[in-house]
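Below is one structure, written out as structure tokens; comments come after it.
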Amino acid sequence: MARSKGVTIRDVAQRAGVSVAAVSMALNGTGTLSEATRLRVRAVAEEMDYQADALARGLRRASVGAIGLVLRSLDSLGEYAPQGVDVFTRYIGAVSAQAMDRGLSVMLVPDPTRRPTPPLALSLDGYIVTMPHVDDPVVALLERRGIPYVTLGRDPSRPEFTDWATEDEHVSLRRIYEHFAANGARSIALVRGTDPNAWNIDGEAMYRGWCESSGLTPRVYASAERAGERGGESVAHAIVDDGVPDAILCHTGRQAAGVLAGLTARGVSVPDRTMLAAASDSEHTRHSRPAISSIELHAPETTLALLDLLQARIAGEPSRGPVLTTSRFRIRASSRRAQPGS
């Protein structure tokens, strides 16, 4: 994927009605420009998405041997080390070690559309964007800049984009629903997040498809990812008020831990009265009492696929994606019921 030329300092100068030298002085804080002119030029440069740092200019057409990693789910949370959420740490560790084996460095980049953007961010060789949102501004920025990228999870706004990889969520979720059904579940509720990404969109679609094929009435509850355990606990009360189902699936471990706390507070026994599982393993699922059944994502397999896709994209080769990898359903006490006659 060849990089576009992008906005130049001359473009900014022309738009602002000043000289190239004035633009340089305004952006570098030098010279004797009036404060009004300096602010006006900077506003024009930001509006045009111009990066003025010398490093970015010098490396625009050169390989720097480094790629970027953007964690859109953590951008949405507004924090990058949420307590007990270790799935992103596993992805970071896996992709960093694998990239070093290929002679590449990895730079963790907070939302690059927010100012100030790290100086090197837009000069990297390519990007892995995790769980892009509908009409994601980060994807739009990389497209405008002509920077190669791949995504963890499909881009819900671009069905034609195939350079993505993820664990096969359809298979993973089906395992959970089949497990519930085998243990007597005839009603299942879903607790999903609110981030507009494929994880939530496709997860709900899969759930509704399962309900339709199984003759079940769907019950979907939404809880914002940033609400964490408190959000799950609040949803648990709504679920109980609507009638306790035979089983509940939560998209995140934090939601599941909160739902468990809420059910316990209402006197609903897990797993005897209702079974509980999560679509993503975490410290919350492993350390809850009872421990919560969950999907253990296989980060190393997925990040290897993402690196393969990204290096091919950087080289201008045809897309090899999408790639679906494997995961493991760990059955724990929250959904383990004694079989009749045992």
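I'm checking my understanding of the structure. Among residues of segment 101-121 that are within 20 Å of the chain's Cα centre (by Cα) and under 16 Å from R145 (Cβ atoms), which one is surrounded by the fewest Cβ atoms within 10 Å (Cβ to Cβ)?
Pass one, segment 101-121, residues within 20 Å of the chain's Cα centre (by Cα): 106-114, 117, 121.
Filter once more, keeping what is under 16 Å from R145 (Cβ atoms): 107, 109, 111-114, 117, 121.
On the way: M107: 16, V109: 21, D111: 15, P112: 22, T113: 16, R114: 10, T117: 18, A121: 21.
Looking at residues that are within 20 Å of the chain's Cα centre (by Cα) and under 16 Å from R145 (Cβ atoms), I get R114.
Select, from S280, S269, the only residue that is under 18 Å from the mean Cα position of the chain (by Cα), assigned to a loop (DSSP other than H, G, I, E, B) and of a type outside the set (V, I, T).
Working: S269 fails: under 18 Å from the mean Cα position of the chain (by Cα).
S280 is the lone residue from the list that is under 18 Å from the mean Cα position of the chain (by Cα), assigned to a loop (DSSP other than H, G, I, E, B) and of a type outside the set (V, I, T).
With respect to the numbered conditions (1) among the hydrophobic types (A, V, I, L, M, F, W, C); (2) within 18 Å of H170 (Cβ to Cβ); (3) touching a residue at least 24 places away in the same chain (Cβ under 8 Å); (4) surrounded by 15 or more Cβ atoms within 10 Å (Cβ to Cβ), which one is the sole condition not fulfilled by V220?
Just one mismatch for V220, condition (4).
Inside segment 30-57, can you point out the residues that are modelled with pLDDT of 70 or more and more than 15 Å from A13 (Cβ to Cβ)?
T30, T32, S34, E35, A36, L39, D49
Is it the case, given these coordinates, that T303 is of a type in the set (V, I, T), under 20 Å from the mean Cα position of the chain (by Cα), within 17 Å of L71 (Cα to Cα) and surrounded by 24 or more Cβ atoms within 10 Å (Cβ to Cβ)? Reasoning before the result, please.
Values: of a type in the set (V, I, T): yes; under 20 Å from the mean Cα position of the chain (by Cα): yes; within 17 Å of L71 (Cα to Cα): yes; surrounded by 24 or more Cβ atoms within 10 Å (Cβ to Cβ): yes.
Here the answer is yes, as T303 does meet what is asked.
Specify which of the listed residues (E204, E169, E143, E178) is modelled with pLDDT under 95, farther than 20 Å from V323 by Cβ and among the acidic types (D, E).
Working: E204 fails: modelled with pLDDT under 95; E169 fails: farther than 20 Å from V323 by Cβ; E178 fails: modelled with pLDDT under 95.
From the options E204, E169, E143, E178, the qualifying one is E143.
Could you check L307 against (1) part of a loop (DSSP other than H, G, I, E, B); (2) within 20 Å of A97 (Cα to Cα); (3) not polar (S, T, N, Q) and say which number it fails?
Condition not satisfied by L307: (1).
For the structure I just gave you, tell me whether T285 is under 19 Å from T130 (Cβ atoms) and outside any strand (DSSP E or B).
Values: under 19 Å from T130 (Cβ atoms): no; outside any strand (DSSP E or B): yes.
Answer is no for this residue.
Does segment 291-321 hold any residues that are within 30 Å of V270 (Cα to Cα) and of a type in the set (A, V, I, L, M), and which are they?
Just the residues of segment 291-321 that are within 30 Å of V270 (Cα to Cα), to begin with: 291-299.
The answer is A291, I292, I295, L297, A299.
Using beta carbons and a limit of 9 Å, which pairs, at least six apart or on different chains, have the first residue in segment 151-177 and of a type in the set (F, W, Y) and the second one surrounded by fewer than 16 Cβ atoms within 10 Å (Cβ to Cβ)?
F161/S319; Y177/S214
Please work out if G316 is farther than 16 Å from G232 by Cα, at pLDDT below 95 and assigned by TED's automatic domain parsing to the domain that holds S105. Steps first, please.
Details: farther than 16 Å from G232 by Cα: yes; at pLDDT below 95: yes; assigned by TED's automatic domain parsing to the domain that holds S105: yes.
In short, yes.
Could you list, in sequence order, all residues of segment 255-289 that are out of contact with any strand residue (DSSP E or B) (no Cβ under 7 Å at 6 or more places or on another chain), closer than 17 Å to G193 by Cβ and modelled with pLDDT under 95? It would help to see each step written out before you state the result.
Applying the first criterion (out of contact with any strand residue (DSSP E or B) (no Cβ under 7 Å at 6 or more places or on another chain)) to segment 255-289 yields 257-258, 261-269, 271-273, 282-284, 286-289.
Narrowing further to those that are closer than 17 Å to G193 by Cβ: 257-258, 262, 282, 284.
Answer for segment 255-289, where residues must be out of contact with any strand residue (DSSP E or B) (no Cβ under 7 Å at 6 or more places or on another chain), closer than 17 Å to G193 by Cβ and modelled with pLDDT under 95: S282, H284.
What residue, among those in segment 197-217 that are over 16 Å from C250 (Cα atoms) and not acidic (D, E), is farthest from the chain's Cα centre (by Cα)? Working first, answer last.
Pass one, segment 197-217, residues over 16 Å from C250 (Cα atoms): 209, 212-217.
Narrowing the set further to residues that are not acidic (D, E) leaves 209, 213-217.
On the way: G209: 23, S213: 29, S214: 30, G215: 32, L216: 30, T217: 29 Å.
Restricting to residues being over 16 Å from C250 (Cα atoms) and not acidic (D, E), the top hit is G215.
The values are calculated or read from the model by the stated rules, or taken from the named source; none is laboratory data. Since we're looking at a predicted model, the values are computed, not measured. When we count neighbours, we look across all protein chains shown, and the Cβ atoms used for this are built from the backbone with ideal geometry, even at glycine.
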